[in-house]
Structure formats: structure tokens, C-alpha cells
Amino acid sequence: MSFLSETLARVKPSPTMAITGLVGELKAAGRDIIGLSAGEPDFDTPENIRAAGIRAINDGKTRYTAIDGIPELKQAICAKFKRDNGLEYSPKQVTVGTGGKQVLYNALMATLNHDDEVIIPAPYWVSYPDMVLLADGIPVFIEASLENNFKITAEQLEEAITRNTKWFLFNSPSNPTGAGYSHDELKALTDVLLRHPHVHVLSDDMYEHLAYDGFEFCTPAQVEPKLYDRTLTVNGVSKAYAMTGWRIGYAAGPEPLIAAIRKVQSQSTSNPCSISQWAAVEALNGPQDFLAPHNEVFKRRRDLVLEKLNAIEGITCPTPEGAFYVYPSIAGLIGKKTAKGVEITSDEVFVTELLNDTGVAAVFGAAFGLSPNFRISYATSDAALEEACARIAKFCSELS
Ligand code: PLP
């Protein structure tokens, strides 16, 4: 009898976290590495939010809290949904977890039965399929092709829905492509969902505030109010407020689902960190004025990376609407050989050789379910991005 569970054998460790770990090790070993794999802003948490955390410690807010969030944070989340998305929720419809990641995990654990299907557009955030598998469900992929700017169509969604579909997992702007659905593009998808009342919508809005060129963010329950009762809208403070380490995510949806999520959480983590919850109250209720300057910086970096990468023969990259990733295709480089004679047979080989030869660490597309591509996170300094792009260009120019 195996000691480790069979369920665990179905999943793999997060490849992005593994690469980020490798980057740390290589740097510690003295190698000149430019890490473009981590999905987190390089800004510090804003001062007022840090101060709220410190205040919480000094005020003794250091004990267990209500399972799925302190009332003050739930109120702040309700106000956020109303302010930003025009969605009305009561605190009973809100759950807070240890990052959006835990909220998504809880939701899937709370709802999936054996053989329940979850539709996931690919490329996807690496954790979605594995979380579905851990919860004993079946991930069903729809290809969001480069030709369609990494977005799926209504026809594709319609085709993927079966009797067993429990969730449609939607993420816009997307990790790893940065693709964001406009109101009309999303409406085409919600129209399909209206025809299938057994399908629920899990909307991961983690990159809501990271949008460029006037892109107007929208979320399914807002675009189609008739989906309100079967939508769980997930968000968090990690990306917009540069709070990845504080681990606070949240969601709003139907009360019975929120109660089920509370049950999972009550028997796992008990509650999210008390101090972080108070910091998140300040993040959501406090001034939002740093978001626009942060976005200006991100947009400048996005444009820098796009210009440099698109100038490389064999690489194609559409302009993403949001997040802080680009997902270039290397279709034009497959079959070529490196200066050392290694054939680029896949994006994994490309990324490995790139790291070996140049010290630039990116993530291979196969990890996100669409190849041959690689993901670059441009949430790092302009100087590092300039240098990384120069190294990538040199590496590619030496392929033959
Ligand atoms: N959803 C997406 C698409 C992400 O990229 C991430 C983090 O990388 C998360 C959810 C989870 O974020 P957190 O757990 O930090 O709130």
C-alpha cells in the first residue's frame, strides 16, 4: 500500500514556484540570473497599509478571528464590489481566505464530486487544473489561441459544456497571457452560460486593477446579472496592492456556497491571518491613488518588452490588455539549434537553454497548457528587462 495518497499522485507541484525556487538557488550560487518567472509586483506594500498591519499588532489584534473574515473586512469587500463592479453583496455572501489561491481551492473542494467537469481556457494559471484534480474533478480545456489574442469564443464554450460541467473557470485579465475580455466579448460568453443553468461561474478577477490603454475591466456577474446566483467572484489584495506575502484573498457569491467554503476552511486553516486582514481593510478602504502610477510603470515595461521581443525573428507576441505578463510564441524557433548544438524541440527546451546560456529565467508555455510559448513577468525593473531582452535577442540570433 502506498503511503502517499493516490489523489496526490494525480497532481504536480507548481512549476512557476519551482522555477522561482531555482532562480533563488542559482543566484545564491553566484550566477548572474535575471528572474522573470515570479508573478508578483516589485513594488513595496503602500505605507498606509503597512502601518495598518503594525497598528493591528500593537493593538493586540493577534488572536483567532471569525473563520472566514472579520466583519470590518467583509464590509470593506462589500463596499469594494459595489464601488468597482456595481455588485451588491451582504457580508454573509463574502468569504476571506489565505490568498485568492485558498479561496479557489476551498470553492473547488466544497463543490466538486467525482467526475464533475470544470471548463478552463488554456493557457491557464498553473494551479487551476491541479486544484480541480485534487478535488477529484476533471479539468476540461478550451484553447485560447494566439490568433484570437488568447481568448476563447462563445462557440468553443458552447461545445465544451456537457451534463457534467459544474464550473466555468474564467480569468481576465489572464495569467499567463495578460488577455482581458471586453464587455462584448464577455457578454458573448455569458449568453452561452444563460442557456446552461447547471453551469456555475468561477471568476478569478485577481488582475482587475492592472489594465492598460483604457481597457475597461468587467466581470461575469456584472455583465450578466442573471448569472449573479451562480457566480463566485474571486479577488484579492496580492497583485493590486503589492501584498503577495500578506496572503489575503476573498470572494462573494451565493450564501450556501459561502457557508460550504466556510466549512472547508474551518477544518483546515481556521482563519486568515488577523494582522493581514486589518491591513487588507486599509487596502480596500484607504486611498487608491497609487494604482494609476503603478499601472503607468507596468504599461511602460509591457511596451518595452513587447517592442524588444517582437523585433526578434521567430518570436510573436500580441499586446495584452492587463496583468504583468507577456506570453510570446516561439513557433518560429522550433527545430533550430543553439550555438551548443541543442535542438529547440519544445518551449521547455527553449526556456532551459535560455537559462543555461544567458541566465534569463522565464516559464515554459507547456506549464500553462499552450505551446510553444513562454511567459515573462515584467514586474521587475526596466534595467533588468532591457538586459533580459538583449540576452534573449542574442540567444535567438545565435540559433541556426
Ligand atoms: N489567480 C491568479 C490568476 C493568479 O495569478 C494568482 C497568483 O499568482 C492567484 C489567483 C492567487 O493569488 P493570491 O493567492 O496571492 O491571492
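Computed from the coordinates by the stated procedures, all read-outs in this text should not be read as laboratory data. Predicted, not measured: the structure shown is a model, and the values here were computed from it. Every residue, glycine among them, receives a Cβ derived from its backbone with ideal geometry; neighbour counts consider all protein chains shown.
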Straight distance only, please: which lysines reach the Cα of residue 394 with their own Cα at less than 28 Å, same-chain residues fewer than 8 apart left out? 27, 299, 308, 336, 337, 340
Given 0.36 nm per residue, what is the gain on full extension from residue 9 to residue 148 after removing their alpha carbon distance, in nm? 46.6 nm
What trypsin sites (Lys or Arg not before Pro) in segment 288-320 are in a loop by DSSP, with at most 13 other Cβ atoms within 10 Å of the Cβ? none
By the Cα gyration tensor axes a ≥ b ≥ c (a/c under 1.5 gives rounded; else a/b larger than b/c gives prolate, otherwise oblate), the shape of segment 116-239 is rounded
For peptides 343-350, 210-217, sequence by mean Cβ density within 10 Å, most packed first: 343-350, 210-217
Can you return the aspartates and glutamates within cross-link range of residue 12? Criterion is Cα-Cα under 15 Å, with same-chain partners fewer than 8 residues away left out. 130, 136
Taking 20 °C and 1.002 mPa s as the conditions, I'd like the Stokes-Einstein D for the chain in µm²/s, using the Kirkwood hydrodynamic radius from alpha carbon pairs. 98 µm²/s
Could you list 33, 77 in order of exposure, starting from the residue whose Cβ has the fewest other Cβ atoms within 10 Å? 33, 77
Rounded, prolate or oblate: pick one for segment 38-90, where a ≥ b ≥ c are the square roots of the eigenvalues of its C-alpha gyration tensor, a/c under 1.5 means rounded, and failing that, prolate if a/b is larger than b/c, else oblate. oblate
Write down the radius of gyration of segment 165-290 and its Dmax, each obtained from C-alpha positions, in Å. 15.6, 44
Counting only residues 5 or more places away or on other chains, whose amide H sits under 5 Å from the amide H of residue 171 once H atoms are built in the peptide plane? 204
For segment 63-285, what is the convex hull volume of the alpha-carbon atoms per residue, in Å³? 111 Å³
Listed by chain and number, the residues whose amide H is under 5 Å from that of residue 141, excluding neighbours fewer than 5 places away on the same chain and using placed H, are 120
Checked segment 287-378 with the C-alpha gyration tensor, a ≥ b ≥ c its square-rooted eigenvalues, rounded below a/c of 1.5, otherwise prolate if a/b is larger than b/c and oblate if not; verdict prolate
Note, segment 286-298: 3J(HN,Hα) by Karplus (6.51, -1.76, 1.60, θ = phi - 60°), whole Hz, Gly/Pro = x, goes x, x, 10, 6, 7, 5, 5, x, 4, 5, 4, 5, 4
Amide H to amide H, which residues 5 or more places from residue 11 or on other chains are under 5 Å from it, using H placed in the peptide plane? none
If you look for lysine pairs in segment 63-285 that are eight or more places apart or on different chains, how many of them have Cα atoms under 22 Å apart? 26
